[in-house]
Amino acid sequence: MVAWFTPPTHAATEQTSIGQTPAIVAFLAAYIAEDAGIWRDNELEVKVINLPGIATVNAVIAGSVDFALGGSDTLTRAAAHGQPLLGIAAINDQAGQMTVLRKELAEAEHFDPKAPLEVRARVLRGKNIAAGNVGSVADVFIKVIAHKAGIRESEMTISSVGAFDILGAFSRKAVDGISISMPYPQQLVADGTAVTIVDGTRNEPADLMPLSAGLVITRPKLCAEHRSICEKMGHSITQATRFLLDRKAESIAILAKRFPKISEDVLSSCYDGVVRMTKYPPTIDEIGLHNGDKMNAEGGFLKAEDKVSSYDGLFTNEYLR
């Protein structure tokens with residue numbers, strides 16, 4: 001039996017909005033909050049705006065939406081550029097991205113799946129890898145992997161391909177592999193057409209773990225002026241992560257509704273991957289943000305000397321209580 005939090009009783013239903021990248025299994029907790037009526041039960045009416053990659057956080061900065069789901073790399077990068085935001089929950093503590101390569105290409109290079117990540121990833125040299133939108137977590141992740149393998153920018157092509165088009169690009173052989181969140185890499189592995197090079201649901205890269213990911217990000221001013229909205233959002237996300245961990249069948253049913261073309265076996269595998277990376281309670285900590293900064297530096301998105309000197313004011317866990 002799930003022990004739900006008691007929503008605040010002093011406020012009536014309030015309206016808010018959240019920007020999220022569609023078709024990403026790692027955001028299962030947010031899908032549960034919507035589809036299982038958790039937002040509604042916490043007296044919150046949430047308009048979900050689907051946006052690609054980093055556009056979700058840009059929409060928060062612009063004031064187009066109240067909340068966004070993003071990564072710690074995005075949060076700290078924005079702060080370094082003079083746009084401080086506020087993280088109020090971290091659904092995940094791993095990146096959740098997976099890099100897979102066409103099976104025949106991996107076999108031609110005698111790929112060893114048991115080799116250290118830095119060795120395994122060398123198989124990507126000279127390949128064309130599709131990795132979501134520029135600046136997204138998927139884009140940062142594959143550039144970090146290339147960095148760890150010693151692959152120079154000129155030695156690998158990273159193509160910007162959205163989630164809805166990525167399997168088509170692979171099937172047409174327009175790309176050699178993909179590096180993105182679930183369920184697309186798992187589908188290719190299940191089909192027998194690709195092999196896993198790096199699995200961001202299994203603490204890879206290990207030196208960047210734990211990583212605050214699936215962050216619920218907002219503007220500090222919103223919580224200052226509308227505290228009850230942030231409280232209700234925090235309560236909802238906490239309850240949704242507990243639902244995810246306790247109610248497997250119902251959670252997979254919600255995934256099946258969102259991903260009707262993905263096989264049941266693959267969705268079950270994806271659910272297991274989400275469980276591995278789901279953090280309960282969904283608190284944010286400094287080490288998770290620090291590792292996001294390291295990702296930015298290794299991926300070439302932020303010079304080490306430009307990162308923020310302190311994470312004070314960039315996150316709070318007070319709305320999860």
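The values are calculated or read from the model by the stated rules, or taken from the named source; none is laboratory data. Being a predicted model, the structure only gives us computed values, none of them experimental. Here the Cβ is made from the backbone with ideal geometry for all residues, glycine too, and neighbour counts use every protein chain on show.
Of the numbered criteria (1) within 23 Å of ASN58 (Cα to Cα); (2) within 18 Å of the chain's Cα centre (by Cα); (3) of a type in the set (A, V, I, L, M, F, W, C), the one VAL100 fails is (1). Taken residue by residue, the range 212-226 has at least one member that is in a loop (DSSP other than H, G, I, E, B), of a type in the set (Ser, Thr, Tyr) and surrounded by 23 or more Cβ atoms within 10 Å (Cβ to Cβ).
Does ALA249 satisfy the criteria of being over 24 Å from ARG321 (Cβ atoms) and touching an Asp or Glu at 6+ places or on another chain (Cβ under 8 Å)? Judged against the criteria, ALA249 is not a match. Note on the range 227-253: residues that are surrounded by 20 or more Cβ atoms within 10 Å (Cβ to Cβ) and touching a Phe, Trp or Tyr at 6+ places or on another chain (Cβ under 7 Å) amount to 11. In this structure, does ALA90 turn out to be crowded, with 22+ Cβ neighbours inside 10 Å, at pLDDT 90 or above and assigned by TED's automatic domain parsing to the domain that holds PHE164? Answer is no for this residue.
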